[in-house]
Amino acid sequence: MIEVVTSANMALYQAEIDDMFKMRYRTAVDELGWKLPDAHNGYDIDSYDSESTVYFLKLDEDRSVRACARLNPTFGATLMEDIFPDFCEFDTLPKAHDTYELTRYLVEKRGATRSEFLEGRAHIIVAINEYCIANDINIISWLTYKQNYPEACLLWETEPLGPAKYVADDGAEYIAARSYMNEEGLARCRKWAKAKRQIANMIVPLNYAPPQFEPSKAA
């Protein structure tokens with residue numbers, strides 16, 4: 001299962017979220033060599049980790065985070081708008097209530113077998129698609145390594161927002177794109193992940209859930 005964490009259930013996942021920030025640092029900074037100005041002292045936390053952020057966590061048996069991702073609404077601040085607008089030469093920056101930005105999609109290689117690593121990648125993607133459909137999110141925008149773009153096109157209806165560009169600090173080519181979240185894409189994602197049931201675990205505490213219907217005592 002992939003744990004879906006929002007402001008509604010954050011209190012249930014305090015330890016896991018803390019571990020996620022550390023896992024992001026190990027993976028993004030130590031493994032991938034990303035230059036993240038807000039990553040310090042073993043933690044990757046930035047201004048895009050906010051109350052409106054939706055987190056996706058793949059946990060192991062000890063509830064340590066092995067893979068993660070986050071979604072943010074594009075009607076607020078986004079990395080694409082603030083840091084990477086030059087990647088959107090073909091179209092305007094994605095900004096709509098049914099469009100969310102996908103960032104920090106990371107899977108830790110340290111201590112993982114190849115099958116565990118691939119499962120983490122696949123399950124996060126399935127859970128994102130499931131969550132989007134359940135919450136009327138029709139589009140996700142994202143920036144990824146150029147070599148990952150063809151895979152996204154096989155899973156989702158996807159179109160580039162601009163040409164791939166080389167980022168000298170990372171020594172890699174990146175491309176910005178948007179993908180459409182729908183049942184057809186979800187079916188392809190589940191087939192790719194070999195998932196036969198829902199993967200996203202969307203727990204909401206009872207005090208946030210709609211009140212149960214109580215028959216009138218006079219009835």
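Of note:
- Residues that are touching a Lys or Arg at 6+ places or on another chain (Cβ under 8 Å) and either hydrophobic (A, V, I, L, M, F, W, C) or on the phi > 0 side of the Ramachandran plot (or both), drawn from region 14-28: Ala15, Met23, Ala28
- Selection status of Glu3, over 17 Å from the mean Cα position of the chain (by Cα) and either over 20 Å from Ile124 (Cα atoms) or of a type outside the set (S, T, N, Q) (or both): no
- Criterion: out of contact with any helix residue (DSSP H, G or I) (no Cβ under 9 Å at 6 or more places or on another chain) and buried (at least 16 other Cβ atoms within 10 Å of the Cβ) - qualifying residue of Glu116, Glu101, Glu108, Glu184: Glu116
- Tabulated pairs, region 1-21, first surrounded by fewer than 18 Cβ atoms within 10 Å (Cβ to Cβ), second basic (Lys, Arg) and part of a loop (DSSP other than H, G, I, E, B), C-beta under 8 angstrom, 6+ apart or interchain: Ala15/Arg63
- If the condition is being of a type in the set (Asp, Glu) and either free of Cβ contacts under 8 Å to residues at least 24 places away in the same chain or closer than 25 Å to Val167 by Cβ (or both), then region 22-63 contributes Asp30, Glu31, Asp38, Asp44, Asp46, Asp49, Asp60, Glu61, Asp62.
- Here the condition is being surrounded by fewer than 18 Cβ atoms within 10 Å (Cβ to Cβ), of a type in the set (S, T, N, Q) and at pLDDT 95 or above; of Asn138, Asn129, it holds for Asn138 alone.
- Set Ala96, Ala69: member being of a type in the set (A, V, I, L, M), surrounded by fewer than 17 Cβ atoms within 10 Å (Cβ to Cβ) and in contact (Cβ under 8 Å) with a residue 24 or more places away in the chain: Ala96
- Residues of region 55-79 classified as acidic (Asp, Glu) and part of a strand (DSSP E or B), total: 0
The values are calculated or read from the model by the stated rules, or taken from the named source; none is laboratory data. Treat the numbers as computed from the prediction; the structure is a model and nothing was measured. Because the Cβ atoms are built from the backbone with ideal geometry, glycine has one as well, and the counts that use them run over all protein chains shown.
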